[in-house]
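Q: Input: one structure, supplied below.
Quick note: the coordinates plus some simple rules give every number you see, no bench work behind them. Being a predicted model, the structure only gives us computed values, none of them experimental. Using ideal geometry, Cβ is built from the backbone for each residue, glycine included, and neighbour counts are taken over all protein chains shown.
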Amino acid sequence: MERPLTLDLHRLDRLIISFRGGLAGFYSGQRLTNKYGSSLEFADYRPYLPGDDIRRIDWLLYGRSNRLYTRLNRGEVDATVNFLLDGSGSMNWGEPSKGWRTLQLTLALSYISLQSYDRVAIGLGCHDVGTYLPPLYGKGSFPRLSRFLEQQEFNREGDLNRLLASFQKTVKPRQMTVLISDFLSPGGYRAGLERLLAARQELLLIHVASPDELEPPFAGPVALQDVETARKKEVTVDPHIREHYRQAVKEHREEIADFCRRRDINYLFYTTEDDPVEFLLAAAPRLFKNMY
């Protein structure tokens, strides 16, 4: 780890991740489901039946209809937010590195989730899930989660499709999965994401890039080396090559965004020069709601 994962997390205290679809929870929490329960959120009425709690009778409705009706409220459960981090060597690039910023983003989003009584699980790998933190619950588990993140490294050749297929085996239906990656995988990403969608995951993709990947500082003859395979290639960077590179980067980003848009996947583009907390606060209208 190049430096501590310190962030001004208290600025995120009032946020809770918004879920669009139905949830599958196991314990009481703050997520409203479509099932009836004991929350204060009104769902529907039904005729009163012997044995119903008389405290749930709507007396105003009785006064209008002269019939007894019971108020039904929606149930509240916890939710599980799964984080999958691309651990390939290309993430260990930049200053600050994409990998370090990825850990910070995960720390911040996990903090939000634990504060709102969601469960948090984290997996990291290259071809498959090499390290995995099983679901944690409650604010008291945050130090353990932070220590887990501080121990992670990004240093091997990756295959994003295989990684996604491996992670799909750890998730359960009707959960959220957050993928953080630079999407620099020769084999692509679509097949793996389709598997997670088939597993009924609500997906959030955070595409991480370093500023010098968007606008390389090189000029003239240079020797490039792949950080994952160590393969080398000599090129001469002239204005034509530079413009061709910019266009390729733009098309790659637009391709991912278009894939997500067509499949109703939340997609965010993040550059490592941005503070993670500021980035999430800027994304708040799309991804979060206020807890209170």
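Q: What net charge do the residues around Val277 carry, taking every other residue with its C-beta under 11 Å from that of Val277, with Lys and Arg at +1 and Asp and Glu at -1? Walk me through the intermediate numbers first.
A: Values: positive: Arg11; negative: Asp8, Asp274, Asp275, Glu278.
So the environment of Val277 carries a net charge of -3.
Q: Charges on Cβ only, +1 for Lys and Arg, -1 for Asp and Glu, centred on the Cα centroid of the chain; of Phe183, Pro47, Gly125, which one is farthest towards the dipole's positive end?
A: Pro47
Q: For the chain, what proportion of DSSP beta bridges, expressed in % and rounded to the nearest 5, is antiparallel?
A: Values: 25 of 51 bridges.
Antiparallel: roughly 50 percent of the beta bridges in the chain.
Q: Calculate the length of the line joining the C-alpha centroid of region 123-143 to that of region 202-242, in whole Å.
A: 30 Å
Q: Cα-based Rg of region 169-232 per 2.2 N^0.38 Å, rounded to two decimals? Each step should come with its number before you reach the end.
A: On the way: Rg = 16.6 Å, N = 64, 2.2 N^0.38 = 10.7 Å.
Cα-based Rg divided by the globular estimate yields 1.55.
Q: Next question, about the same structure. Determine, for each peptide in 189-201, 88-100, the mean count of other beta carbons within 10 angstrom over its residues, then list the peptides with the highest first.
A: Working: 189-201: 17.8, 88-100: 20.8.
Going by the mean number of other Cβ atoms within 10 Å, highest first, we get 88-100, 189-201.
Q: Under a Cβ-Cβ cut-off of 15 Å, what is the net charge of the residues other than Arg144 that fall near it, where Lys and Arg count +1 and Asp and Glu count -1?
A: Working: positive: Arg119, Lys139, Arg147; negative: Glu150.
Net of charged neighbours comes to +2.
Q: Let me ask another. Any idea what the relative contact order of region 125-205 is, in percent, if you count C-alpha pairs under 8 Å spaced at least 6 apart? Show your work: numbers first, answer last.
A: On the way: 86 pairs, mean separation 28.3, N = 81.
Answer for region 125-205 is 35 percent.
Q: Net charge near Cys126, counting Lys/Arg +1 and Asp/Glu -1 over other residues with Cβ under 9 Å of its Cβ?
A: Taking every Cβ under 9 Å from that of Cys126, the sum is -3.
Q: In the chain, how does Rg compare with the Kirkwood Rh, expressed as the Rg/Rh ratio over alpha carbon atoms?
A: Details: Rg = 23.1 Å, Rh = 21.2 Å.
Expressed as Rg/Rh, it is 1.09.
Q: Could you size up the charge dipole of the chain around its Cα centre, putting +1 on the beta carbon of Lys and Arg and -1 on that of Asp and Glu, and report it in debye to the nearest 20? Kindly include the intermediate steps, with their values, before the conclusion.
A: Working: 39 positive and 38 negative charges, 338 e Å.
Roughly 1620 debye, rounded to the nearest 20.
Q: Find the relative contact order for the chain and round it to a whole percent, using C-alpha pairs within less than 8 Å whose residues are 6+ positions apart.
A: Working: 535 pairs, mean separation 60.6, N = 292.
Dividing the mean separation by the residue count of the chain yields 21 percent.
Q: A further question follows. For region 174-292, with only Lys/Arg (+1) and Asp/Glu (-1) charged at the beta-carbon, what is the dipole magnitude about the Cα centre, in debye rounded to 20?
A: Details: 16 positive and 20 negative charges, 141 e Å.
So the dipole magnitude of region 174-292 works out to roughly 680 debye.
Q: With a 10 Å cut-off between alpha carbons and a GNM built on the chain, which of Leu133, Leu214, Leu107 moves the most?
A: Leu214
Q: Using just the helices of the chain, give the 222 nm mean residue ellipticity in deg cm²/dmol: DSSP H runs with n ≥ 4 each add -39,500 (n - 2.57), and the total is spread over all residues, rounded to 500. Walk me through the numbers before you get to the answer.
A: On the way: 8 runs with 92 residues, N = 292.
Per the formula, -9500 deg cm²/dmol.
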